[in-house]
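Here's the structure, in structure tokens; my notes come after.
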Amino acid sequence: RSIVHIHLDYSEHDLRWPLKDPPVTLIGCADFVLRNAVRVLGPEADKTILRTVLNAIDVDRFKPATQYTEHDHSNGEPIIITMLANIAPHKGQHTAISSVKLIHEKGIPIELWLAGEERGSSAHTLYLKQQAAKLGIEQQVKFLGFRSDIVELLETTHYLELPSTSEGLPLSLLEAHAAGVITLASPTAGVPELITDNENGFLIEAEDYQGYADRITNLIQSAALRSEIRVKAWPRLRAKHSYMHYFKQIAEIYSEMLSDE
């Protein structure tokens, strides 16, 4: 008897070998990753128990959400928007840059930090730098490269953007919630399983840079809204995405399977 775990949105082709014999239990890191598996199993899917155990993080690595970084741009302190993602067209850094341009035009001091590196080439990084220069905001866009100090980075971040067209179940969103950082992301793949729009974050279409700019501007102007989003994000993170919650669910699934012997 077997259990198969799926942690990425694999294609039907990639899943045919591991699912050639229907497992007793199939565990996905999000509901959306199970859809191709069900198609591969076909009529045999009825023989497999499907379970979703959402991704988790070590919540205790981060400061409590009550210690989040607030902003005061009245004295020239810049608003920090961060992206934690590989440099790639589908990740949407170009959308983030365009949104920052619109916010900058309103006279709001702002910086965009792009934490991540491009794999196998530097062509898209060059394209993004040219985009920022063309828009006149090359001083506002910082290319940080690969970073291992995510906890410290998020401590100085006010908003996290992830306007991607393709995703899994992004841990960066969970890490942002743990750090009290307000998240804005596109409703792709598993993202809607992490963010409920206008509740613990915001869902905005990947190419809608105007939407990202408008929402962040609104948040900058409303301390009450910022506080409301953070207050809702923190308990949901602790309840659904802590390591202890994750381990408990996995242990229960294995225990159920063993008890059937």
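The values are calculated or read from the model by the stated rules, or taken from the named source; none is laboratory data. Quantities reported herein were computed from a predicted structural model and do not represent experimental measurements. Please note: Cβ atoms are built from the backbone with ideal geometry, for glycine as well, and neighbour counts cover all protein chains shown. Quick note on the areas: whole protein, heavy atoms, side chains included, nothing else; ligands and nucleic acids left out. Shrake-Rupley method; radii C 1.70, N 1.55, O 1.52, S 1.80 Å.
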Being open to solvent by 10 Å² or more (accessible area, probe 1.4 Å), under 29 Å from Gln221 (Cβ atoms), in contact with a strand residue (DSSP E or B) (Cβ under 8 Å, 6 or more places away or on another chain) and not aliphatic (A, V, I, L, M) narrows it down to one residue among Pro163, Pro109; which is it? Pro109
Check region 17-27 and report whether any residue there is open to solvent by less than 70 Å² (accessible area, probe 1.4 Å) and modelled with pLDDT under 90. no
Tell me which residues, restricted to region 209-232, are touching a strand residue (DSSP E or B) at 6+ places or on another chain (Cβ under 8 Å), at pLDDT 90 or above and not hydroxyl-bearing (Ser, Thr, Tyr). Arg215, Ile216, Leu219, Ile220, Arg226, Ile229
Could you check, for region 110-123, whether at least one of its residues is assigned to a helix (DSSP H, G or I), touching a residue at least 24 places away in the same chain (Cβ under 8 Å) and out of contact with any Phe, Trp or Tyr (no Cβ under 9 Å at 6 or more places or on another chain)? no
So, first residue at positive phi in region 133-160, second residue part of a strand (DSSP E or B) and surrounded by 12 or more Cβ atoms within 10 Å (Cβ to Cβ), Cβ within less than 9 Å, six or more apart or across chains; the pairs are Gly145/Leu114; Gly145/Ala115; Gly145/Gly116
Restricting region 219-251 to residues that are outside any helix (DSSP H, G or I) and of a type in the set (Gly, Ala, Ser), which is surrounded by the fewest Cβ atoms within 10 Å (Cβ to Cβ)? Ser222
Looking at this structure, is Thr183 touching a residue at least 12 places away in the same chain (Cβ under 8 Å), at negative phi and within 15 Å of the chain's Cα centre (by Cα)? yes
Out of the residues in region 180-211 meeting the condition of being in contact with a Lys or Arg (Cβ under 7 Å, 6 or more places away or on another chain) and either aliphatic (A, V, I, L, M) or not in a strand (DSSP E or B) (or both), tell me which one is surrounded by the fewest Cβ atoms within 10 Å (Cβ to Cβ). Glu199
Select from region 73-90 the residues that are over 19 Å from Leu102 (Cα atoms) and surrounded by fewer than 20 Cβ atoms within 10 Å (Cβ to Cβ) and write down the one among them that is modelled with the lowest pLDDT. Asn75
